[in-house]
Amino acid sequence: MATAFITHSDCLKHETPSGHPEQVARLEHILRAVEDLDLLRIEAPLAEKENILAVHPQSHIDLIHANSPETGMSQLDGDTHMSPGTVTAAYRAAGGAICAVDTVISGKAKNAFVAVRPPGHHAKAQIPMGFCIFGNVAIAAKHALDFHKLPKVAVIDFDVHHGNGTQDLLWNEPRALTVTSHQMPLWPGTGYAEEQGEFDNVLNLPLAPNSDGALMRKVYTERVFPKVRSFNPDLIFLSAGFDAHVDDPLAELNWEVDDFVWITSEVCNLARDCCSSRVVSILEGGYNLDALAACSRAHIEILIEAK
């Protein structure tokens with residue numbers, strides 16, 4: 001069974017200021033890196049408003065539309081910008097995540113990678129932030145739970161920055177386990193071990209600056225995988241940020257490509273045991289373009305090889 005690769009050219013039309021790390025070139029580099037791989041290629045649909053309302057109130061949607069510029073750029077906060085193509089790109093990003101759930105649960109693909117932007121794991125219920133507009137992973141998780149009626153899902157977020165938005169959006173959802181490893185201290189300054197969710201459904205694993213893949217592997221082996229296995233989800237989501245790479249300019253973790261290969265392989269093995277190999281991976285960060293391309297390709301190759 002194939003691995004689905006879900007993207008859309010509209011995600012190239014979300015523009016940011018010159019020099020901004022979350023740039024169009026990120027997706028361009030990924031697309032070039034995987035163009036020769038044997039994948040089930042699907043165009044990301046637009047999310048419906050009802051999908052967005054599963055985690056965001058109408059006021060959040062109104063805020064996004066109200067700040068959409070006809071020309072030039074607008075700014076939602078110090079880091080988060082909008083261009084005329086941003087709203088459509090954001091709906092494609094959320095829609096791509098939803099499409100991945102549908103594709104994997106239907107059996108059309110064994111797993112999926114969603115190559116979209118803007119990313120989503122910092123978007124809180126009523127606050128777009130950290131380059132993020134809508135909570136793509138949380139929206140997809142709620143779709144799996146409420147539309148497909150899966151009993152439980154797990155989110156594993158290995159982006160170097162804490163997924164504060166996903167944590168916020170799924171904090172009160174007992175059917176979703178959210179596990180996040182991240183550098184601390186680092187923006188956004190959340191993700192302490194004491195933050196455990198309303199139903200003990202959040203696990204935060206802060207990692208010290210300048211630590212490497214060896215520490216990550218130890219933490220995941222001892223803390224993450226036992227927790228997920230005990231939760232026994234029916235689908236595993238990955239918030240796939242590749243900014244823990246040693247060459248990334250925005251952080252100070254020293255992971256290598258092989259570390260992303262390892263974590264992807266271990267998650268696929270876990271998914272094989274607990275949820276019929278169902279994995280939906282959704283792009284988050286990664287700001288060194290060459291490292292992002294190399295890590296994304298390696299990550300997808302493991303998804304392809306997974307049994």
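So the values come out like this:
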| quantity | calculated |
| --- | --- |
| Hits in the stretch 251-307 (condition: touching a helix residue (DSSP H, G or I) at 6+ places or on another chain (Cβ under 9 Å) and of a type in the set (Lys, Arg)) | ARG278, ARG297, LYS307 |
| Residue that is surrounded by the most Cβ atoms within 10 Å (Cβ to Cβ), among those in the stretch 14-46 that are without any contact (Cβ under 8 Å) to a residue 40 or more places away in the chain and assigned to a loop (DSSP other than H, G, I, E, B) | GLN23 |
| Condition check for HIS182: in a strand (DSSP E or B) and either among the small types (Gly, Ala, Ser) or over 15 Å from LYS124 (Cβ atoms) (or both) | yes |
| Residue in the stretch 161-171 that is without any contact (Cβ under 8 Å) to a residue 40 or more places away in the chain, over 15 Å from the mean Cα position of the chain (by Cα) and surrounded by fewer than 24 Cβ atoms within 10 Å (Cβ to Cβ) present | yes |
| Of all residues making up the stretch 92-135, the number that are under 13 Å from VAL279 (Cβ atoms) and among the charged types (D, E, K, R) | 1 |
| Residue list for the stretch 104-123, filter: buried (at least 24 other Cβ atoms within 10 Å of the Cβ) and either of a type in the set (D, E, K, R) or without any contact (Cβ under 8 Å) to a residue 24 or more places away in the chain (or both) | ARG117 |
| Pairs with Cβ under 8 Å, 6+ apart, first in the stretch 209-236 and over 17 Å from GLN196 (Cα atoms), second among the basic types (Lys, Arg) and modelled with pLDDT of 95 or more | ASN232/LYS152; PRO233/LYS152; ASP234/LYS152; ASP234/ARG278; LEU235/ARG278; ILE236/ARG278 |
| Sole residue being surrounded by 15 or more Cβ atoms within 10 Å (Cβ to Cβ) and either farther than 25 Å from THR166 by Cβ or not basic (Lys, Arg) (or both), chosen from ALA54, ALA66 | ALA54 |
| Selection within the stretch 262-307 - assigned to a loop (DSSP other than H, G, I, E, B), small (Gly, Ala, Ser) and farther than 18 Å from GLY213 by Cα | SER276, SER277, ALA306 |
| Identity of the residue in the stretch 47-70, among the small types (Gly, Ala, Ser) and in a loop (DSSP other than H, G, I, E, B), that ends up farthest from HIS81 (Cα to Cα) | ALA54 |
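The values are calculated or read from the model by the stated rules, or taken from the named source; none is laboratory data. Fair warning: this is a prediction, and the values are worked out from it, not measured in the lab. Ideal geometry is used to build each Cβ from the backbone, glycine not excepted, and the neighbour counts take in all protein chains shown.
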